[in-house]
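Undergrad: Just passing along the structure, written as structure tokens.
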Amino acid sequence: MFQYIRVQLFKWLPALIIMLVIFLISAQPSSQLPNFGRADYLVKKSGHALGYAVLALLYWRAFDFKKEKRWIAWLMAVLYAVTDEFHQSFVSGRHPAILDVIIFDNLGALLSLWLVDVYRKQKRPDVINASSR
């Protein structure tokens with residue numbers, strides 16, 4: 001029993017850590033965030049995409065990269081993005097932006113899951129195809 005719990009915790013711990021990092025960054029008031037000048041928008045929106053790309057992959061990893069669980073990993077990442085935007089509504093100088101979820105968080109998660117799926121198929125097509133039957 002304890003072994004099972006330990007294995008499950010090990011699988012989910014990286015995703016939980018990324019969730020904490022996202023939460024802590026979102027908890028920063030706008031006055032404490034760095035300003036990247038002309039590139040500020042690009043840097044911050046890229047951060048959204050990258051953060052949720054990593055989160056979706058870590059969710060899928062926790063599901064042992066089972067193909068049928070890929071969409072659950074995507075959905076979990078998008079739902080976490082929604083809660084993160086809600087959380088930002090309580091932070092000084094920050095505001096929720098549904099477009100961040102729809103465009104940057106969603107597309108980051110989708111793109112990373114698709115790229116890893118393509119990579120895994122190219123790396124081990126015989127194993128991947130046999131496991132999806």
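Undergrad: Just give me the residues in the range 24-41 being within 16 Å of residue 95 (Cα to Cα) and of a type in the set (Gly, Ala, Ser), in sequence order.
TA: Narrowing the range 24-41 to residues within 16 Å of residue 95 (Cα to Cα): 24-33, 41.
Those that are within 16 Å of residue 95 (Cα to Cα) and of a type in the set (Gly, Ala, Ser): 26, 27, 30, 31.
Undergrad: What are the pairs with Cβ atoms under 7 angstrom where one residue, in the range 1-16, is assigned to a helix (DSSP H, G or I) and the other, located anywhere, is among the small types (Gly, Ala, Ser)? Sequence gap at least six, or different chains.
TA: Final answer for the pair search is 11/62; 12/62; 15/62.
Undergrad: What do you reckon, is residue 58 under 9 Å from the mean Cα position of the chain (by Cα) and either among the acidic types (Asp, Glu) or surrounded by 20 or more Cβ atoms within 10 Å (Cβ to Cβ) (or both)? Reasoning before the result, please.
TA: Working: under 9 Å from the mean Cα position of the chain (by Cα): yes; either among the acidic types (Asp, Glu) or surrounded by 20 or more Cβ atoms within 10 Å (Cβ to Cβ) (or both): yes.
Answer is yes for this residue.
Undergrad: While we're on this one: Is it the case, given these coordinates, that residue 40 is in a helix (DSSP H, G or I), within 14 Å of the chain's Cα centre (by Cα) and among the acidic types (Asp, Glu)? It would help to see each step written out before you state the result.
TA: Working: in a helix (DSSP H, G or I): yes; within 14 Å of the chain's Cα centre (by Cα): no; among the acidic types (Asp, Glu): yes.
No, not satisfied.
Undergrad: Determine the pairs where a residue that is over 14 Å from residue 60 (Cα atoms) and modelled with pLDDT under 90, located within the range 114-127, has a partner that is surrounded by 12 or more Cβ atoms within 10 Å (Cβ to Cβ) and not hydroxyl-bearing (Ser, Thr, Tyr) with Cβ atoms under 6 Å apart, the partner being 6 or more residues away or on another chain.
TA: Note: pairs meeting the criteria are 121/128.
Undergrad: Something else about it: Would you pick out the residues in the range 28-61 that are farther than 22 Å from residue 102 by Cβ and touching a residue at least 40 places away in the same chain (Cβ under 8 Å)?
TA: If the condition is that a residue be farther than 22 Å from residue 102 by Cβ and touching a residue at least 40 places away in the same chain (Cβ under 8 Å), then 28, 29, 31, 61 are the ones that fit.
Undergrad: For the range 53-77, which residues satisfy the criterion of being more than 14 Å from residue 15 (Cβ to Cβ) and part of a helix (DSSP H, G or I)?
TA: 67, 68, 70, 71
Undergrad: Is it true that some residue in the range 97-104 is surrounded by fewer than 19 Cβ atoms within 10 Å (Cβ to Cβ) and of a type in the set (D, E, K, R)? Give the steps one after another, and end with the answer.
TA: First pass over the range 97-104, keeping only residues surrounded by fewer than 19 Cβ atoms within 10 Å (Cβ to Cβ): 97-99, 102-103.
Of the ones still in play, those that are also of a type in the set (D, E, K, R) are none.
For the range 97-104, residues surrounded by fewer than 19 Cβ atoms within 10 Å (Cβ to Cβ) and of a type in the set (D, E, K, R): absent.
The values are calculated or read from the model by the stated rules, or taken from the named source; none is laboratory data. No experiment lies behind these values; they were computed from the predicted model shown. Here Cβ is always computed from backbone atoms with ideal geometry, including for glycine, and neighbour counts include all displayed protein chains.
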